[in-house]
Amino acid sequence: MRSAKIILCVCSILGVCAQAQTSAQSKRIVIAASTVLDGKGGVLHNTRIVVAGAQIVAIDAKAGPVDYDLGGLTVLPGWIDAHVHINWFFGKDGKLAGGRAMADEAAYAAASNAWVTLMAGFTTVQNMGSPTTLRDAIAKDMLPGPRILTAVEPLMGRGEQTGTPDEIRAYVRKQKEAGADLIKIYASGGMRQGRMTLSQEQLNAACDEAKKQGLRTLVHAYRDAVRAATLAGCTEVEHGLGATDGDLRLMAEKGTYFDPQAGLLLENYLLNKAKYAGTPFYPATEEGFSVFEEILPMNHELLQRAAKIPGLKIVFGTDAVAGAHGRNAEEFIDRVRDCGVDPMAAMVSANSLGAEALGMADQIGSIGPGLQADIIALDGDPLQDITAVRRVVFVMKGGIVYKNAARGAIPVYAGIQP
Ligand SMILES: [Zn+2]
């Protein structure tokens, strides 16, 4: 679309041009691939993907001429991260930036986070709360970045103070008016002990009203809040520490999506403890971060158990905060290496299943005619060696190529280290 528009402008100046415009619109891009993971668990060999405009229009082994030869790589749909905090960054003082950061510094940091996330192969992310500015700038092609779906202001559970069910319903409608794609709800306190911060009645009101408004609900929940969110008909449970097998089975039965974190989040806190220590909601000292070392095995145990529950829909969400943007794919490695998740299931969780959880399965998350041309390629086979997810050498989003690096050029991280 963009190139067609540019041509139109130039053409109207030159006054010659219907022909050039037509050829821009009909220009097809042919991608040759030796291995394609289709995003739904299937594998195609020695085929070609034909892209026109923003969409895939055909899978045709005979299509040509070839524009991009991705032979020897693993081609798959761009990944979807169901849970990021794209606006979080470390400020000039080296600490997690809060509200005191300059507005322009915060804006550039968010734009940078979006860029490194896209370079790491994530073509769609769900953001947990910010104004819609960055989402809209990327959607208009003003900035490169993943497609963003965003909550605006989260519903923070504060017991009775949160409000009556009617007040909560009004709050949900206010989010919709502010342009939210989803409602983020905090229904419990901290990872280890925090209790429910919303009653069943309050959660019922929030998730029911969101559904009426056509919005999905993502609920930060531990222990009892997991079951309560499931019973309330909320769309997706985030985190979930303390969920029993019974809770997990109930989620499977009700079709509630589950988004647990296998490691990146806590590993990132440990890696960056000096930058988080003493900031609001974090331990005051670096020593205090040893608590996260204790919680990490609990996360592994939860995902190991969840992966065995038949029919439970486990999506891929990293909870990427400052320090983790562009390293989102580390979570795949944690899932496969530390939690025994099947590598293909890990890929599907960030492709077709992730798209289904967003209500976008007909647009993204798989490779086939009519889908958005969100296509990435890895230098390696993630089914044999999951660390291949670090070596993203090709990124196309909506038919535009943002990255096409030489093989072997990316030794470690797919994202650019900020
Ligand atoms: Zn989060």
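For the reader, a short list of remarks on this structure follows.
- Residue list for segment 137-170, filter: without any contact (Cβ under 8 Å) to a residue 24 or more places away in the chain, open to solvent by 50 Å² or more (accessible area, probe 1.4 Å) and assigned to a helix (DSSP H, G or I): Ala139, Glu167
- Matching residues in segment 121-133 - criterion: being in a loop (DSSP other than H, G, I, E, B) and either under 11 Å from the mean Cα position of the chain (by Cα) or under 11 Å from Tyr402 (Cβ atoms) (or both): Gly121, Met128
- Filter pass, Phe332 being open to solvent by less than 10 Å² (accessible area, probe 1.4 Å), under 28 Å from Tyr282 (Cα atoms), more than 12 Å from the chain's Cα centre (by Cα) and not acidic (Asp, Glu): yes
- Condition broken by Leu241, with the remaining ones in (1) surrounded by fewer than 23 Cβ atoms within 10 Å (Cβ to Cβ); (2) assigned to a helix (DSSP H, G or I) satisfied: (2)
- Answer residue from segment 340-381, given it is among the acidic types (Asp, Glu) and assigned to a loop (DSSP other than H, G, I, E, B) and is least open to solvent (accessible area, probe 1.4 Å) among those: Asp374
- Leading residue by the ranking (most open to solvent (accessible area, probe 1.4 Å)) among those in segment 303-329 that are touching a Gly at 6+ places or on another chain (Cβ under 8 Å) and more than 16 Å from the ligand (Cβ to nearest atom): Gln304
- In segment 174-191, the residues that are over 19 Å from Thr230 (Cβ atoms) form Cβ pairs under 7 Å with partners that are of a type in the set (Ser, Thr, Tyr) and assigned to a strand (DSSP E or B), at six or more places apart or across chains, as follows: Ala180/Thr150; Asp181/Thr150.
- Residues (in contact (Cβ under 8 Å) with a residue 12 or more places away in the chain and open to solvent by 30 Å² or more (accessible area, probe 1.4 Å)) located in segment 108-120: Ser112, Trp115
- Members of segment 272-293 found to be exposed (fewer than 14 other Cβ atoms within 10 Å of the Cβ) and not in a loop (DSSP other than H, G, I, E, B), listed by number: Ala274, Glu287, Ser290, Glu293
- Qualifying residue in segment 196-203 (condition: open to solvent by less than 30 Å² (accessible area, probe 1.4 Å) and farther than 18 Å from Thr164 by Cα): no
The values are calculated or read from the model by the stated rules, or taken from the named source; none is laboratory data. What you see is a predicted model; the values in this text were computed from it and never measured. For neighbour counting, all protein chains shown are included, and Cβ atoms are generated from backbone atoms with ideal geometry for every residue, glycine included. Heads up: the accessible areas ignore ligands, DNA and RNA and are worked out on the full protein's heavy atoms, side chains in. Shrake-Rupley method; radii C 1.70, N 1.55, O 1.52, S 1.80 Å.
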